[in-house]
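Right, one structure below, let's go through it.
The values are calculated or read from the model by the stated rules, or taken from the named source; none is laboratory data. These figures come from a predicted structure and were not determined experimentally. Note: ideal-geometry Cβ built from the backbone for every residue, glycine included; neighbour counts use all protein chains shown.
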């Protein structure tokens, strides 16, 4: 077993765990290192119609594009929705090798500000990590910036207050 590979695998798993703990409103994370994609899913407890989604999508892209221009970033995340009965799943896909906590904050805050009380948030793991929010952000930033050399396709989600990470 290669210790470097184990260290890399651990950092990827740690990243997903810390993201789900830091952002309890993120429903799932799909992290595909081969394709350099990170997909964040947010579950809404309402069924948003096309007009509401279209309006939100416009605000989303305007905000993200402005941020990317100011930060001199080339890749703009894509958003889509999936509707199931009375629920809506919003998925934001980043197509690049690394992202920042600020990008995740921006996307999360845009969704939270638009859909307020309709975003499903897991509050059961409050206090799971007894470190300050800024320390969590620093650790997440470190894990996000690490160069990944192994090929993985990780899926992370939470259920009943626990975080699960699978290598697909």
In the range 36-54, which residues are part of a loop (DSSP other than H, G, I, E, B) and either more than 15 Å from residue 92 (Cα to Cα) or in contact with a helix residue (DSSP H, G or I) (Cβ under 9 Å, 6 or more places away or on another chain) (or both)? 45, 46, 47, 48, 49
In the range 55-87, the residues that are closer than 17 Å to residue 116 by Cβ and assigned to a helix (DSSP H, G or I): 55, 56, 59, 60, 63
Among (1) at pLDDT below 90; (2) in contact with a helix residue (DSSP H, G or I) (Cβ under 8 Å, 6 or more places away or on another chain); (3) buried (at least 18 other Cβ atoms within 10 Å of the Cβ); (4) under 17 Å from residue 166 (Cα atoms), residue 20 falls short only on (2)
Exclusive hit being at pLDDT below 95, over 16 Å from the mean Cα position of the chain (by Cα) and either closer than 14 Å to residue 103 by Cα or surrounded by 15 or more Cβ atoms within 10 Å (Cβ to Cβ) (or both), set 71, 63, 75: 71
Evaluate the range 104-121: report whether one residue or more is free of Cβ contacts under 8 Å to residues at least 40 places away in the same chain and more than 15 Å from residue 26 (Cα to Cα). no
For the range 47-59, check the following and say yes or no: at least one residue is crowded, with 17+ Cβ neighbours inside 10 Å, at pLDDT 95 or above and under 30 Å from residue 13 (Cβ atoms). no
